[in-house]
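Engineer: Have a look at this one.
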Amino acid sequence: MKKLLLGALLAWPLAVLAQQSPLHYKLMGDAQLMPNDCIQLTPDVEYAEGIAYYQTRLDLSRFFQVDFEIYLGNKDEGADGITFVLHDDPRAFDAFGTWGECMGYGRWSKWARGGTFIAPSVAVEFDTYTNYRQNDPEFDHVAYLEDGTNYHDEFWHNKDGAYNLEDDQLHNFSFRWEPRSKRVSVMLDGQLVHTAVRDLVSDVFGGHTQVIWGFTASTGRAHNLQYFCLKQIAEKMPETDSRSGKTE
Ligand SMILES: [Ca+2]
Ligand SMILES: [Ca+2]
């Protein structure tokens, strides 16, 4: 048993920085703490919007991986989805985007100058409603977004034309940043759903390394209960510790 545990730790050399601590979030709109210590983003009603930001910023000069469970609802015809966001918007912990298909993150059109959106930023959307204006396919999907634009050229749907995230289940989601290689990786239910090399610090955040992070979500005429649960925030263990097999 001890051997197995050590093997697992060496294969996954992460040191936990924080665990589920729901009181550390700034909540806006319809976001609220749930009895199970998860954070509700929207209740199952029309035209809701909720945002939750962790009150300590993440440092992009360091490796990190954040792990969550997300819940997108129990109605396949529901809406609209959740985004995980990293941002340095001048409004800081008060930043929010447009409702409905913009999921509290973006704006109606990538060409629109008006409206509220979160920028500079990167985000991952878990989109449960087809909106042609945002180039959405006819099924639920995951996509990488930047600077408050929901429009996306690419998406992931497990090559499943009936892919559905509103299945009344919790889904495991991880976001990893590797500053040395400048690689962003997104995992969903054990599958790599997005990976790319992108210099977030210089190409997105204008040289800033301290970013606010959290979740946004909204509904429109269609709706679902949507929430997330933080599992952990982890940093990579120092190489020497990893080699010697120490765990902290
Ligand atoms: Ca669906
Ligand atoms: Ca959509």
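Each value in this text was obtained by applying a stated rule to the coordinates, not by laboratory testing. Just so it is clear, the structure is predicted and the values come from calculations on it, not from any experiment. Glycine also receives a Cβ, built like all others from the backbone with ideal geometry; neighbour counts cover every protein chain displayed.
Engineer: Can you compute the charge dipole magnitude of the stretch 2-244 about its Cα centre, using +1 on each Lys and Arg Cβ and -1 on each Asp and Glu Cβ, nothing else charged? Give it in debye, rounded to the nearest 20. Display every interim value, and only then the final one.
Structural biologist: On the way: 21 positive and 35 negative charges, 214 e Å.
Its charge dipole is roughly 1020 debye.
Engineer: Rounded to the nearest 0.05, what FRET efficiency do Glu235 and His24 give with R0 = 22 Å and r taken as the Cβ-Cβ distance? Could you check?
Structural biologist: Working: r = 17 Å, r/R0 = 0.76.
So the FRET efficiency works out to roughly 0.85.
Engineer: Would you please give the residues with an amide H less than 5 Å from that of Lys231, counting only those at least 5 places away or on a separate chain, with H modeled from the backbone geometry?
Structural biologist: Under 5 Å from the amide H of Lys231: Asp67, Phe68, Glu69.
Engineer: So which residue, out of Asp59, Asp203, Asp136, gets the largest mean-square fluctuation from a GNM of the chain using Cα contacts under 10 Å as springs?
Structural biologist: Asp203
Engineer: Additional query: Using the 10 angstrom Cβ neighbour count as an exposure proxy, how do His87, His171 rank, fewest first? Present the calculation step by step, with values, prior to reporting the outcome.
Structural biologist: Values: His87 26, His171 16.
Sorted ascending by nearby Cβ count, the order is His171, His87.
Engineer: Shape call for the stretch 99-189 from the C-alpha gyration tensor, a ≥ b ≥ c root eigenvalues: rounded (a/c under 1.5), prolate (a/b greater than b/c) or oblate?
Structural biologist: Working: a/c = 1.85, a/b = 1.08, b/c = 1.71.
In terms of gyration-tensor shape, oblate.
Engineer: To continue, here is another question. Work out how much length Asp203 to Ser61 would gain on full extension: take 0.36 nm times their residue separation and subtract the Cα-Cα distance, in nm to one decimal.
Structural biologist: 49.7 nm
Engineer: Expressed as a whole number of Å, what is the distance separating the alpha-carbon centroids of the stretch 33-107 and the stretch 187-228?
Structural biologist: Each part reduced to its Cα centre gives a spacing of 9 Å.
Engineer: Modelling each spin label as a point 7 Å along the Cα-to-Cβ direction, I'd like the Glu46/Glu138 distance in nm, to one decimal.
Structural biologist: Going from the Glu46 label point to the Glu138 one covers 2.7 nm.
Engineer: OK, next. As a footprinting exposure proxy, order Glu49, Glu235 by other Cβ within 10 Å, with the fewest listed first. Each step should come with its number before you reach the end.
Structural biologist: On the way: Glu49 25, Glu235 15.
In order of increasing Cβ crowding within 10 Å: Glu235, Glu49.
Engineer: So between Glu146 and Asp37, what do we pick up on full extension, going 0.36 nm a residue minus the alpha carbon distance? Please report the intermediate quantities before stating the final value.
Structural biologist: Numbers: separation 109, 0.36 × 109 = 39.24 nm, distance 2.94 nm.
Roughly 36.3 nm would be gained on extension.
Engineer: Give a residue-ordered list of calculated ³J(HN,Hα) values for the stretch 48-62 (Karplus: 6.51 cos²θ - 1.76 cosθ + 1.60, θ = phi - 60°; whole Hz; x for Gly, Pro).
Structural biologist: Here the 3J(HN,Hα) series is 9, 8, x, 9, 9, 10, 5, 7, 10, 6, 9, 10, 6, 7, 10 Hz.
Engineer: While we're on this one: Could I get the Rg over Rh figure for the stretch 2-244? Both from C-alpha atoms, Rh via Kirkwood, rounded to two places. Numbers along the way, then the final one.
Structural biologist: Values: Rg = 17.4 Å, Rh = 18.1 Å.
Expressed as Rg/Rh, it is 0.96.
Engineer: I need the P(r) histogram for the stretch 166-227: all alpha carbon pairs, bin width 5 Å from 0 out to the longest distance, whole percents.
Structural biologist: 4, 13, 17, 20, 16, 13, 10, 5, 0
Engineer: Helix 2-11 versus the longest principal axis of the chain: what angle, 0 to 90°, nearest 10, using Cα atoms?
Structural biologist: Long axis of 2-11 versus the principal axis of the chain: about 60 degrees.
Engineer: Moving on to the next point. According to a simple spin-label model (label point 7 Å from Cα along Cα-to-Cβ), what is the distance in nm between Gln210 and Ala222?
Structural biologist: 4.1 nm
Engineer: For the chain, modelled as a GNM with alpha-carbon contacts under 10 angstrom, which of Asn36, Asn172, Asn164 fluctuates the most?
Structural biologist: Of Asn36, Asn172, Asn164, the Gaussian network model singles out Asn36 as fluctuating most.
Engineer: Return a whole-number percent for the relative contact order of the chain, with Cα pairs under 8 Å and 6 or more residues apart as the contact set.
Structural biologist: Numbers: 662 pairs, mean separation 83.5, N = 248.
The value is 34 percent.
Engineer: Still on this structure, I have one more. With θ taken as phi - 60° and the coefficients 6.51, -1.76 and 1.60, list the Karplus ³J(HN,Hα) couplings across the stretch 161-176 in order, rounded to whole Hz; mark glycine and proline as x.
Structural biologist: Using θ = phi - 60°, the values come out as x, 10, 4, 9, 8, 8, 10, 6, 10, 7, 10, 7, 10, 10, 10, 10 Hz.
Engineer: Chymotrypsin sites (Phe, Trp or Tyr not before Pro), restricted to the stretch 56-133: which are DSSP loop and have at most 12 other Cβ atoms within 10 Å?
Structural biologist: On the way: sites: Phe63, Phe64, Phe68, Tyr71, Phe84, Phe93, Phe96, Trp99, Tyr105, Trp108, Trp111, Phe117, Phe126, Tyr129, Tyr132; in loops: Phe63, Phe96, Trp99, Tyr105, Trp108, Trp111, Phe117, Tyr129.
Of the chymotrypsin sites (Phe, Trp or Tyr not before Pro), the ones in loops of the stretch 56-133 whose Cβ has at most 12 other Cβ atoms within 10 Å are Trp111.
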